[in-house]
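Let me begin by presenting the structure, written as structure tokens, before commenting on it.
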Amino acid sequence: MLYNFPQHRSRRVRQSPWVRSLVQETDLTVRNLILPVFIVEGEGLKIPVDTMPGVYRYSIDQLLVHLDLVNGLGIPAVALFPKIETWLKNKEGGVALDPDGLVPRAVREIKKRFPELGVICDVALDPYTDHGQDGIPDDNGYLRNDATISQLVQMSQVLAQAGADVLAPSDMMDGRIGVIRNMLESQRMVNTMITSYAAKYASAFYSPFRDAVGSGSALGSSDKKQYQMSPLNGDEALREVAMDIKEGADMVMVKPGIPYLDIVRRVKDEFKYPTYVYHVSGEYAQLQAAAQAGYLDYDRVSMEIMQCFRRAGADGILTYCAMDIARRLSA
Ligand code: PBG
């Protein structure tokens, strides 16, 4: 009976590049990439982030030089994260509301120079607070949800007025999307988009980012478990996403990336909404460390990771690898 075996040979459609390309189910293009960038006050600065090889903090003038390359590669958008000077931080993170603060100034410069480049601004207080939490704590250290939101909505207004295309609340307070959306409507900034960090986990993978923005040392041994989600929960992510969509989010995000691909898939299947994934700092650092040790091939592994995000259902990927991937895709 050997001639009758097997009925299906899966390998037939893998035998050559042309047929492999015909059966390919998803693809990855530069259009799917968003580059997070760190900025600092000053001039002529390009300061390496120790825990993230190849990643720097730029002063605004240097940022513009850098963005020339980013833009030239066809990357559609960048996400800005500031490292605020320690002396400007306080309990309420009030500097986040300064219309002439580092981020609003950077946004204005970017939009002037690169009007076609999407600018996404994080909405959370952690770069601005002296305790490193994303909101305003009460005397027991519990973050005051509604007081934090009133701060975030003002911060959002400042960022939107500066020209941010997308506000990306990453704070995980309840109800903030609706309040920010109402503010945008009432201020007639109806085209400002909201990408909600809807399913954001309390993850140990964020520590290099916290070094980069200087919130890690402020945070010390505290964690964010009273507002970010437990890695043990999945259904809860769907409830979070449902709330944010109902409140007016245009796009939703899952974060971190690789360990949470099941959540990406569930969110995409359930809501069929523009879904983003954040390949976070610790995931990047892990890959860089392995590559530097000679254990992994950075180019091939980073490409595979991006392909897996797409297969899992992500429309877009925030990744520190964006420029490297863009270069390889166009090679
Ligand atoms: C701040 C914020 C964090 C990240 C993005 N926005 C850190 C945190 O919540 O502590 C993490 C990004 C990364 O690790 O690359 N709210």
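The values are calculated or read from the model by the stated rules, or taken from the named source; none is laboratory data. Because the structure is predicted, anything quoted here is derived from the model rather than measured. A quick note on method: Cβ atoms are made from the backbone with ideal geometry, for glycine too, and the neighbour counts reach across all protein chains shown. Remember, those area values only see protein heavy atoms, side chains included, never the ligands or the DNA or RNA. Shrake-Rupley method; radii C 1.70, N 1.55, O 1.52, S 1.80 Å.
General remarks:
- Which of Met183, Gly94, Val78, positive extreme of dipole for the chain (C-beta unit charges): Val78
- Simple Cβ-charge dipole of the chain, Lys/Arg +1 and Asp/Glu -1, about Cα centre, in debye nearest 20: 1380 debye
- Positive-pole candidate from Gly163, Val23, Gln7, dipole of the chain, charges at beta carbon: Gln7
- Between 0 and 90°, nearest 10: helix 176-186 axis offset from the chain longest Cα axis: 70 degrees
- Backbone geometry of the range 212-220 corresponds, through the Karplus equation with coefficients 6.51, -1.76 and 1.60 at θ = phi - 60°, to 3J(HN,Hα) couplings of 4, 9, x, 8, x, 5, 5, 6, x Hz, x marking Gly and Pro.
- Computed log10 I(q)/I(0) for the range 3-118 at 0.24 Å⁻¹: -1.38, from the Debye equation with unit scatterers placed on every C-alpha and solvent omitted.
- For the listed peptides 91-104, 267-280, a ranking on the average number of other beta carbons within 10 Å per residue, highest first, reads 267-280, 91-104.
- Using C-alpha pairs below 8 Å separated by at least 6 residues, the relative contact order for the range 1-85 is 33 percent.
- Efficiency of FRET between Ser207 and Val301 - r from beta-carbon atoms, R0 25 angstrom, step 0.05: 0.75
- Rounded to the nearest 10 degrees, the angle from helix 145-162 to the longest Cα principal axis of the chain is 80 degrees.
- When the convex hull of its Cα atoms is projected in every direction, mean area for the range 109-198 (nm²): 6.1 nm²
- Given charges at beta-carbon only (K, R positive; D, E negative), |dipole| of the range 287-331 in Debye: 80 debye
- Antiparallel DSSP beta bridges within the range 28-330, as percent of all bridges there, nearest 5: 10 percent
- Note: relative contact order over the chain, using C-alpha pairs below 8 Å and six or more positions apart, is 18 percent.
- Measuring with a 1.4 angstrom probe and ignoring ligands and nucleic acids, Ile136 comes out at about 10 Å² accessible.
- Volume in Å³ per residue [convex hull over Cα atoms, computed for the chain]: 162 Å³
- Element breakdown for the range 28-330 at a 1.4 angstrom probe: carbon and sulfur atoms account for 49% of the accessible area.
- For Val123, distant residues with modelled amide H under 5 Å away: Ala168, Ser170
- Centroid-to-centroid separation of the range 301-331 and the range 138-172 [C-alpha atoms, Å]: 30 Å
- Length gained when the stretch Val65-Asp138 is fully extended (0.36 nm per residue, less Cα-Cα span): 22.1 nm
- Accessible area per residue for the chain, computed on protein heavy atoms with a 1.4 Å probe, is 47 Å².
- Relative contact order of the range 119-170, pairs being alpha-carbon contacts under 8 Å that are 6 or more residues apart, as %: 49 percent
- Helix 60-72 axis, angle to the chain major axis (alpha carbon atoms, nearest 10°): 20 degrees
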